[in-house]
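Just passing along the structure, written as structure tokens.
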Amino acid sequence: MTETTGPNRPEPKPVSLDAAKTAVVVLDLNARCHDPEEVCSKLMEPLGGFLERVRQASVPVVFTVSLQFKGTPMGEVAAPLGRRDTEPVLHPDAFDKFAGGELQAILSRAGTENLVVTGSLTNVAVLYTATAAARVHRYNVVVPLDGVNAKSSYEHEYAIHQLTVIPAGAADRMQFTRLGMIEFR
């Protein structure tokens, strides 16, 4: 067995994406993120600005909110993200937001090849959804390290590490960047 000194910490690199073949998923950033005590609140400002750039490039945006919040005030997408009426909100009953098939159907209809995965928590929805995107659905997955977070640095770093080592070639489909380093062409 090989010993390591800690988790892989991928260096963020600039990413240039074809806008016509890219989509952005925003995982589980609902009204709870209005509370500054919630870790997801820290994503509101950077993701709000990023999503404006995404929309200017005509890149589709899909939101998810946990099924438990559907039909309640907490079921709304966090206001600072500026969700448009044309942007779907899915309520899959799983950490992997591809569960149930609705997300895959939307991405397939849009001709998506590149999937930017944002949201909270890195060690739950982001980890499971990004893994399924790369391993099962064969998307090129982009994870902006400042567009995802978790309740602790350990949980965040371990989840990012896992995305760098998932087998069967899935880790090769992962790219790590920062929101400001993503360009749409």
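Taking N as the number of residues in the range 10-68, what value does Rg over Cα atoms divided by 2.2 N^0.38 Å take? Walk me through the intermediate numbers first.
Details: Rg = 13.3 Å, N = 59, 2.2 N^0.38 = 10.4 Å.
Dividing the Cα Rg of the range 10-68 by 2.2 N^0.38 Å gives 1.29.
So, by mean Cβ neighbours within 10 angstrom, what's the order for 161-170, 126-135, 41-50 with the highest one leading?
On the way: 161-170: 14.2, 126-135: 23.9, 41-50: 18.1.
So the peptides 161-170, 126-135, 41-50, ranked by packing, come out 126-135, 41-50, 161-170.
DSSP beta bridges in the range 1-126, what fraction antiparallel, as a percent rounded to 5? Present the calculation step by step, with values, prior to reporting the outcome.
Numbers: 1 of 13 bridges.
Bridges in the range 1-126 are about 10 percent antiparallel.
How far is the Cα center of the range 71-111 from the Cα center of the range 28-67, in Å?
For the range 71-111 versus the range 28-67, the Cα centre distance is 12 Å.
Measure off 7 Å from each Cα along the Cα-to-Cβ vector at V136 and A19, then give the distance between these two points in nanometres to one decimal.
Once both label points are built, they end up 3.1 nm from each other.
Using helices alone, what [θ] at 222 nm do you get for the chain, with -39,500 (n - 2.57) per DSSP H run of 4 or more residues, divided over all residues and rounded to the nearest 500? Please list the in-between numbers first.
Values: 4 runs with 43 residues, N = 185.
Helices in the chain give a 222 nm mean residue ellipticity of -7000 deg cm²/dmol.
Something else now. Can you tell me, using C-alpha contacts under 8 Å and at least 6 residues apart, the relative contact order of the range 68-185 as a whole percent? Don't jump to the answer; show the numbers that get you there.
Working: 143 pairs, mean separation 25.9, N = 118.
That works out to 22 percent.
Continuing with this model, one more query. Using only C-alpha positions, report the orientation-averaged shadow area of the convex hull of the chain, nm², one decimal.
On the way: hull surface 41.8 nm².
Taking the Cα atoms of the chain, their convex hull projects to 10.4 nm² on average.
Just flag the trypsin sites (Lys or Arg not before Pro) in the range 69-129 sitting in loop per DSSP whose Cβ has no more than 12 other Cβ atoms within 10 Å. Walk me through the numbers before you get to the answer.
Values: sites: K70, R83, R84, K97, R109; in loops: K70, R83, R84, K97.
Answer by residue number: R84.
With a Förster radius of 30 Å, plug the Cβ-Cβ distance of T72 and A105 into 1/(1 + (r/R0)^6) and report the FRET value to the nearest 0.05.
Numbers: r = 25 Å, r/R0 = 0.84.
Computed FRET efficiency for T72 and A105: 0.75.
Could I ask something else about it? Cβ under 11 Å from L90's Cβ, L90 left aside: what net charge do those residues give with Lys, Arg +1 and Asp, Glu -1?
Values: positive: K70, K97; negative: D28, E87, D93, E102.
It works out to a net charge of -2.
Throughout, read-outs are computed from the coordinates displayed, never taken from laboratory work. Keep in mind it's a predicted model, so treat the numbers as computed, not measured. All Cβ positions, glycine included, derive from the backbone under ideal geometry; neighbour counts span all protein chains shown.
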